[in-house]
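Below is one structure, written out as structure tokens, with a few remarks after it.
The values are calculated or read from the model by the stated rules, or taken from the named source; none is laboratory data. A quick note: this is a predicted structure, and the numbers were derived from the prediction, not measured. Positions of Cβ are backbone-derived with ideal geometry, glycine not excepted, and every protein chain shown enters the neighbour counts.
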């Protein structure tokens, strides 16, 4: 059975923090940082259950290949720039995505991430986001109305048996 990271299936969270990083340390330290981050995440989820805190740690395919000793995600590959101009590409080794109903709880977990990973990673970009009134984007558009909800979400969001 697949164990899903807590940030994958969350719905209607109001605040998010996105941290993009380059790995600059040893993989053993990176693994330890992931464990420590998940431990603090669990503690904060217990302490603030009404915040609906969730997080996802994602790796670029090259780092994931090395981190998993070549065992995981055999079909994963680096996004490549295509066509004219910029297109989606994997520009960093690691993404930490934190979301909840409370920005202060997100910030607490982001600080814990920095402590957990220490010098193993170098944050290259950090973005704080929020959902606007009625979950509109800044142009006034309500996005995601056709996205699966409730029990239908795992069917499209989770790889493997749920």
* **Members of the stretch 32-55 that are under 16 Å from the mean Cα position of the chain (by Cα) and surrounded by fewer than 16 Cβ atoms within 10 Å (Cβ to Cβ)** => 35, 38, 39, 42
* Within the stretch 6-20, considering residues that are within 12 Å of the chain's Cα centre (by Cα) and modelled with pLDDT of 70 or more, the one farthest from residue 132 (Cα to Cα) -> 20
* **Per-region count, the stretch 89-130, residues modelled with pLDDT under 95 and out of contact with any strand residue (DSSP E or B) (no Cβ under 8 Å at 6 or more places or on another chain)** => 2
* Search the stretch 26-38 for residues that are in a helix (DSSP H, G or I) and pair each with any residue that is modelled with pLDDT under 95 and surrounded by fewer than 16 Cβ atoms within 10 Å (Cβ to Cβ) when their beta-carbon atoms are under 8 Å apart and the residues are at least 6 apart or on different chains. => 27/66
* Structure fact -> residue 65 fails exactly one of (1) surrounded by 12 or more Cβ atoms within 10 Å (Cβ to Cβ); (2) at pLDDT 95 or above; (3) closer than 20 Å to residue 35 by Cα, namely (2)
* Taking residue 63 as the residue in question, decide whether it is touching a residue at least 40 places away in the same chain (Cβ under 8 Å), in contact with a strand residue (DSSP E or B) (Cβ under 7 Å, 6 or more places away or on another chain) and part of a helix (DSSP H, G or I). => yes
